[in-house]
Amino acid sequence: MQSAPAVMSDIVNNVEKVIIGKRHIIELALTAIISGGHVLIEDVPGVGKTSLVSSFARSINCSYKRIQFTPDVMPSDITGFSIYSPKTGEFEYRKGAILHQFVQADEINRASSKTQASLLEVMEERQVTVDGTTYSAPSPFIVFATQNPQECVGTFQLPEAQLDRFSMCLSMGYPLISQEISLVLNRNTDRPSDALEAVASGENIQQLQTAASKIFINEDVAAYIVALTTATRSHPDIDLGASPRASLHLSRAAKAWALYSGRDFMLPDDVQHLFMHVLRHRIVLNRNALMRGITSDHVLSQIMTSTKAPIVS
């Protein structure tokens, strides 16, 4: 049986066959999956957001559903609905699009606020409630949401309550010139992920999630995580700091990164490596900071620099 780092490396290597030159982003997305979290991918069109998600779905043999969010998508399209059956004389539940293991919420900010709110319960509690009856989501359950931050027409801003449910916010970024030349020369299909074979299963992901949850974290490192998170609540450039849920997600993500690194214990380095990605979408800068051109990453970098890390032997 393969070790946990070996299984995770196989998944990363497989996805990298399609997503060229973005190994670190692939590793971060897999870390979020293993930590049991969801991922928000925020970037301009055409940089590979959808390809990244479909490549993960192909690499891990799980049920997959892509939902194209538009203003006319209704909450019942997401969670499902009850319909009367003349044969049985009873109402029967028709499963919604969200009840799959891998769900791609494409251009999530194009859906109305009401439709976005339909994701709150299932993203946090892994269940949906329709007409008073609760239906469990399959396991593992991962939501990958994409959005274009530069486009405002026809979009709705994600509420803070929903943003807080994403474990990480990632940005693909443009490829290097050499990588883009290779892409032009060698990419002969619009769907390269279709050629990928599965290298892991849903059961493998569940095993990795269980292994990650057992990674040891000492009290000093736990206090360091809380110190970083609470520092966002008193920073002069921040109107809304990170919630305690951020501390939990940072801890879980750091455990998954430690597992990927082949360790059974967490280091402060694991926390620092993931801090920006876990918290950048959870803080709201004040107007003065925005007018000065300050970014969330800039503020978080200040916080990480000014917060003393423990020494773990």
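Computed from the coordinates by the stated procedures, all read-outs in this text should not be read as laboratory data. Predicted model only: the values in this text are computed from it and were never measured. All Cβ positions, even for glycine, are placed from backbone atoms using ideal geometry, and neighbour counts span all protein chains on display.
Filter the range 52-93 for residues that are among the aliphatic types (A, V, I, L, M) and assigned to a strand (DSSP E or B); which is nearest to I142 (Cα to Cα)? If you could, list the steps in order and put the result at the bottom.
As a first pass, look at the range 52-93 and keep what is among the aliphatic types (A, V, I, L, M): 52-53, 57, 60, 67, 73-74, 78, 83.
Subset that is assigned to a strand (DSSP E or B): 60, 67, 83.
Values: I60: 12, I67: 13, I83: 27 Å.
Selected residue: I60.
Going through the range 42-75 one residue at a time, which ones are free of Cβ contacts under 8 Å to residues at least 40 places away in the same chain and surrounded by fewer than 22 Cβ atoms within 10 Å (Cβ to Cβ)?
Looking only at the range 42-75, we keep the residues that are free of Cβ contacts under 8 Å to residues at least 40 places away in the same chain, and these are 46, 65, 67-68, 72.
Scanning the range 42-75 gives G46, K65, Q68, D72.
Give the residues of the range 210-238 that are surrounded by 19 or more Cβ atoms within 10 Å (Cβ to Cβ), within 22 Å of the chain's Cα centre (by Cα) and either more than 17 Å from M276 (Cα to Cα) or aliphatic (A, V, I, L, M) (or both), sorted by residue number.
A212, I215, I225, L228
Restricting to the range 248-300, count the residues that are of a type in the set (V, I, T) and part of a helix (DSSP H, G or I). Even if it seems obvious, please write down each step before you answer.
The initial filter retains those residues of the range 248-300 that are of a type in the set (V, I, T), namely 271, 278, 283-284, 294-295, 299.
Subset that is part of a helix (DSSP H, G or I): 271, 278, 299.
Residues meeting the conditions: 3.
Which of the residues belonging to the range 301-310 are of a type in the set (V, I, T) and either part of a helix (DSSP H, G or I) or without any contact (Cβ under 8 Å) to a residue 40 or more places away in the chain (or both)? I'd like the intermediate steps shown before the answer.
Initial filter on the range 301-310 (of a type in the set (V, I, T)): 303, 305, 307.
Matches in the range 301-310: I303, T305.
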